[in-house]
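The structure under discussion appears below in the form of structure tokens.
Rule-based calculations on the coordinates, nothing more; no lab input. Being a predicted model, the structure only gives us computed values, none of them experimental. Note: ideal-geometry Cβ built from the backbone for every residue, glycine included; neighbour counts use all protein chains shown.
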Amino acid sequence: MNTQNTPLIIQARNLTRVYRMGSTEVRALRGVDLTVDSGEMIAIMGASGSGKSTLMNILGCLDRPTSGTYTLDGARVDTLSKNELADVRNQKLGFVFQGFNLLPRTTALENVELPLLYDRTGRKMDTREMAARALERVGLGNRMDHEPSEMSGGQQQRVAIARALVTEPAVILADEPTGNLDSQTSLEIMSLFQKLNREGTTVLLVTHEPDIAEYAQRIVELRDGVVIRDEPVLAPRWAEEDAAEYHEPEMAGVR
């Protein structure tokens, strides 16, 4: 999918992942190839057991492939040690999860600031200012002192997105980011991802929902550990437009 003048952010070649439990061998990935250009927004789909979670764990440097190569932002990472992978996760990757994964009894600003406190490069000095800017970027500049319990699910997910953005990562990996949200809030979150993508952020989105995948520029689908589809979305949907047109369905017997 790479164009001549667009740098590759991700290049994975012939990735396999085999889990062994006693005498049982499970092949979660069976030779996956994937390239991601800088600035793309890609949806990764697949049923339970398809290998999509395993692939995302490898792309997120949470796991290593059994074989194959993985290059992230120009550097081979599949052979790195656990400590080196931790540094890559902190410096190159931002994570957004279905369950938000925010610390309770901790303000939005402190939640967003947390990844910066683990940065061992010494590059990020004013962590509070950087966290504040990230929250402003996702529209929560007026909620910095609120704790998760004082925010809606959509606001909590925005905090999680700000936390993913604050280290200025090469890629944001979003695992079912709308899974715990209602339809209207899901559209608002997808609109935010599209806005960030237009600003240059590369986004990999795992979803089992075809309508959510259509907000991406490209869909990669896995089945039984292999890629069965990798194609552009010819007419991507715009979540901002869909959110403006969305109406709550009427309940039976209610006027």
**Message:** For GLY139, what residues show an amide H to amide H distance below 5 Å, using hydrogens built from the backbone and excluding near sequence neighbours?
**Reply:** none
**Message:** For q values of 0.23, 0.25 Å⁻¹, compute log₁₀ I(q)/I(0) with the Debye formula on a Cα-only model of region 175-237, without solvent.
**Reply:** -1.05, -1.19
**Asked** In whole percent, what relative contact order does region 8-237 give with Cα contacts below 8 Å and a gap of six or more residues?
**Response** 28 percent
**Message:** Could you tell me which residue out of TYR19, THR107, ILE161 lies farthest along the dipole of the chain toward its positive end? Charges go on the beta carbon: Lys and Arg +1, Asp and Glu -1, centred on the Cα centre.
**Reply:** TYR19
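Could you line up ASP126, ASP211, ASP78 from fewest to most neighbouring Cβ atoms inside 10 Å?
Ranking ASP126, ASP211, ASP78 by Cβ neighbours within 10 Å, fewest first, gives ASP126, ASP211, ASP78.
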**Request:** Give the calculated FRET efficiency between GLU231 and ASP211 to the nearest 0.05, with a Förster radius of 22 Å applied to their Cβ-Cβ distance.
**Result:** 0.85
**Prompt:** If you place +1 on the Cβ of every Lys and Arg, -1 on the Cβ of every Asp and Glu, and leave all else neutral, what size is the dipole of region 56-182 about its Cα centre, to the nearest 20 Debye?
**Reply:** 280 debye
**Request:** Quick one: which residues, 5 or more positions from VAL227 or on another chain, have an amide H under 5 Å from its amide H? H modelled 1.01 Å from N in the peptide plane, none for Pro or chain starts.
**Result:** ASP33
**Request:** Could you point to the residue in ILE212, THR201, LEU85 farthest towards the positive end of region 8-237's charge dipole, with +1 and -1 charges on the Cβ of Lys/Arg and Asp/Glu respectively?
**Result:** LEU85
**Request:** Calculate the dipole size of the chain relative to its Cα centre from +1 charges on Lys and Arg beta carbons and -1 charges on Asp and Glu beta carbons; express the result in debye to the nearest 20.
**Result:** 1000 debye
**Asked** Which of LYS195, LYS52 comes first, and how do the rest follow, when ranked by fewest Cβ neighbours within 10 Å?
**Response** LYS195, LYS52
**Fill in**
Convex hull around the C-alpha positions of the chain: the volume in Å³ per residue is 168 Å³
**Prompt:** Counting only DSSP beta bridges with both residues in the chain, what percent are antiparallel, rounded to the nearest 5?
**Reply:** 55 percent
**Message:** As an exercise, use a Förster radius of 45 Å and the Cβ-Cβ distance of MET125 and TYR19 to find the FRET efficiency, rounded to the nearest 0.05.
**Reply:** 0.60
**Prompt:** Quick one: how many lysine pairs in region 8-237 have C-alpha atoms under 24 angstrom apart, if they're 8 or more apart or on different chains?
**Reply:** 6
**Item:** Helix-only mean residue ellipticity at 222 nm for the chain, each DSSP H run of n ≥ 4 adding -39500 (n - 2.57), per residue, nearest 500
**Value:** -9000 deg cm²/dmol
